[in-house]
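Enquirer: Sending over a structure as C-alpha cells; questions will come in a sec.
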Amino acid sequence: MDLYSIRKLKEKFAFIHDFYEEHQYLLDDLTTRCLYRSLLSVNTREKLEGWLTAVGKTYAIGRLHHPLESPYDEDVLGAFAQLIRKLDEDEKELVVLEFNQLKADGFKFEFREEVELLKEDAERFHGIHPDRTLVMEDRYGERIAIGTDAERLFEVFGWQTATIALQERMETAVLIHEACIPCLEQYGVTFIKTKATIGKIHFLNEQEEDIARAQQVIDGCRARLGKKPLVLPTDGMVCHMVVDGVVEEALFPFVYLSRKKIELYRINGSVFTLVDGQCWNVNIENDSIMTDSALIMESIINRENLLEIVNEQALHAFQEYVVKKDMYPDKIVMMKGTDIMSSFGEDAVRLAKALGIVLWFRVVEGHQVPMVLVTERMADDLSADLKRLDIHVAQSSQLDIIGLISAYPSFLNEGLSIEIPFGDATVYKRKDGRYAVRASLDKRMLPAMTIPTAMARFFLELQDGIVKEACLKAILMCAYYHRDVHYKDLIEYADGL
C-alpha cells in the first residue's frame, strides 16, 4: 500500500478546500460548484467512485474565469481525480477514512496527541535501550523515527529530516519508506508498534519529506546492487537545476549507480554527482532531481532477478555486434533497438571521440569492453554528426528488451580529447608488484608515478590502436594531473575480475 501517496492526497484535499473557500467566486460556475460540493460529501468508497465518474464526464472541470496567483493547475479538481484513479481498492478505502477524519477535524491537521504518543513510546524504549535506534510503525504500516532517532538516521544515512511544528516547540522526524527497510535492518534499527496514527501528522515543509523519501528509495536500490554497478538510460530525464542562483535546464540521458555513489551524466559525459557515500548533493531548489531519480530507482527495486537478466541480455547484444562487425570490418557498427543504440570496442571509442559522448565499460566474459549508448533523444540531437560518420546500423534482438544496462564509467573518457604533448610514455610493473608510468613533457623527463592496477592491466592487455592510445592518455592524466578518471570506486570491482 502506497501510504506516501495517500498522505499527499490528504494534504491536497485540504488544499482544495482552502483554495475554493478563499476564492468563492469560482463556485459561481455551476460545474465547479457541483463537483466541489459532491467531493466534500464523499464518505464511502462507492461515493468516491461516483465522484470520479462525474469528473470523467465533465468538460472544462474547475476552469477559472479570473487570473489567480497560484502555482497549481487550473483544472484543480480534475488533477486531483487523476491522482485518486492511480490507487487500488484498498488504498481508496483508506483515502476515504483519511478524508472523513480531515473533515471531522475541520480541515485542520490536529496531531499533537499523535506526537505525544510517539514521544512517550520513544522515551519508554530508550529508558531500556538507550543506545539503540528506534523506528515506530502504526496500524496502517506507516513508519517514523522521531527526535534523537531521526537525528541518528541523518548521521548514518544522510537522509533529510522533516520538521513537525507544535505550538510550543519543534520536533525532528523522518518518515520511513518501505524500500529502505533492508538498510535499516542491516544497521540494527529496532522496530516497534505504536498506537499513534502517523498519517495524521503534518510537516512544516513537505519538500523535506519528499527529499527524504527519494533518498530512501535510492538507498534501497543501492543496497540491492552489492558490488555490481549499473548504468541506466533515463528516457531523457530533464531537470531544472539552480546553479549560482540561476535556473538551468539539464538533460541527463544516463544515471550511474554503485554502492558508493550515484552520478547523472549529460550527453557530453559531464557529471552531476547526486550522492557520494552518505553525502547528498541536493537542496530544496534542486529536489526535482531527487524525485525523478527516485522514480527510476523504484522501477529497479520492483524488477526481480534484475542483474541476472541484464547481464544475460547485454552479453547477447555484444555477441550480435561481433557477428555484424565481422561482416562490416571497415565500418563503424552500431546495434539498434527500439529506443537505444549501442556499439563496442574500437568503434565505441571512435564514436565517443567524434560525438563528444560518454564512454562506458561493460564486462564481457571477464574482460572490460568499451561501450557507448545512444538513446533515441540523443540520436536526434546528434543526427548531423551521425550522418557524417561511416556507420552501419544493424537491428538488435536484445536491445529491444534491455531496459537497463550493467556497466560503469570508463576511465578512457579522460583520454579522448586531450592534446598534451607527452612523450616516451611507458607503463611497467615495479619490483613491489605495483604498476607505474613514466613519461616526458617538452623533452623533460617526469618522475615515475604509481597508477591503479586495474588501469595498468587493462592497458598492457590491449593491442595497438585507438583504444590503447586513449587508455595511455587517461593514465597520464591520472598520474600527472591527478584528474578524476572514475577509477577510485571501481578498483575493488575491476581487480576482482
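Enquirer: How large, in percent, is the carbon and sulfur part of the accessible surface of the range 320-437 at a probe radius of 1.4 Å?
Expert: Its accessible area is 49 percent carbon and sulfur atoms.
Enquirer: Give me a comma-separated list of calculated 3J(HN,Hα) values for the range 87-100, in order, Karplus coefficients 6.51, -1.76, 1.60 applied at θ = phi - 60°, integers in Hz, x for any Gly or Pro.
Expert: Rounded to whole hertz, the list is 7, 8, 5, 5, 5, 5, 4, 5, 4, 4, 4, 5, 4, 4.
Enquirer: Just for the range 121-206, what percent of DSSP beta bridges are antiparallel, to the closest 5?
Expert: 70
Enquirer: Hey, what do the phi angles of the range 376-381 turn into as Karplus ³J(HN,Hα) couplings, whole Hz, using 6.51/-1.76/1.60 and θ = phi - 60°, x for Gly and Pro?
Expert: 4, 5, 4, 4, 5, 5
Enquirer: If amide hydrogens are placed 1.01 Å from N in the peptide plane, which non-local residues have theirs closer than 5 Å to the one on VAL333?
Expert: Excluding prolines and chain starts, which carry no amide H, the hits are HIS392.
Enquirer: Restricting the count to DSSP beta bridges whose residues both fall in the chain, what percent are antiparallel, rounded to a multiple of 5?
Expert: Roughly 85 percent of the beta bridges in the chain run antiparallel, per DSSP.
Enquirer: In Å², and per residue, what accessible area does the chain have when probed at 1.4 Å with the other protein chains present?
Expert: 48
Enquirer: Moving on. Relative to the present Cα-Cα distance, how much length would full extension add between ILE192 and LYS108 at 0.36 nm per residue of separation?
Expert: Extra length from ILE192 to LYS108 when fully extended: 27.4 nm.
Enquirer: How large is ³J(HN,Hα) for each residue in the range 52-58, as worked out from phi by the Karplus curve 6.51 cos²θ - 1.76 cosθ + 1.60 (θ = phi - 60°), to whole Hz, x for Gly and Pro?
Expert: 4, 4, 5, 4, x, 8, 9
Enquirer: Percent of alpha carbon pairs in the chain separated by more than 29 Å?
Expert: Distances greater than 29 Å cover 61 percent of the Cα pairs.
Enquirer: When the C-alpha atoms of the range 400-451 are aligned to their principal axes, what extent does each axis show, in angstrom, from largest down?
Expert: Reported extents, whole Å, longest axis first: 52, 32, 11.
Enquirer: Ignoring any ligand, DNA or RNA, what whole percent of the accessible area of the range 152-267 comes from carbon and sulfur when the probe is 1.4 angstrom?
Expert: It is 47 percent, rounded to a whole number.
Enquirer: Give the accessible area for GLU49 in Å² (nearest 10); use a 1.4 Å probe, count only protein heavy atoms, and leave out ligands, DNA and RNA.
Expert: Solvent-accessible area, nearest 10 Å²: 50 Å².
Enquirer: Something else: Could you pull out every residue, at least 5 positions away or on a different chain, whose amide H is within less than 5 Å of the one on LEU446? Hs are placed 1.01 Å off N in the peptide plane, and Pro or chain starts have none.
Expert: Correct list: ALA439, SER440, LEU441.
Enquirer: Any chance you could list the semi-axes, whole Å, largest first, of the equivalent ellipsoid that the Cα gyration tensor gives for the range 159-274, using √(5λ)?
Expert: For the range 159-274, the semi-axes come out at 31, 21, 10 Å.
Enquirer: Can you give the accessible area of ARG350, probe radius 1.4 Å, in Å² rounded to 10?
Expert: For ARG350, the solvent-accessible surface is approximately 100 Å².
Enquirer: Which cross-chain or sequence-distant (5 or more) residues have an amide H under 5 Å from the amide H of ILE405, H modelled 1.01 Å from N in plane?
Expert: Amide H neighbours of ILE405: VAL231.
The values are calculated or read from the model by the stated rules, or taken from the named source; none is laboratory data. Predicted, not measured: the structure shown is a model, and the values here were computed from it. Please note that ligands, DNA and RNA were not included when accessible areas were found on the heavy atoms of the full protein model with its side chains. Shrake-Rupley method; radii C 1.70, N 1.55, O 1.52, S 1.80 Å.
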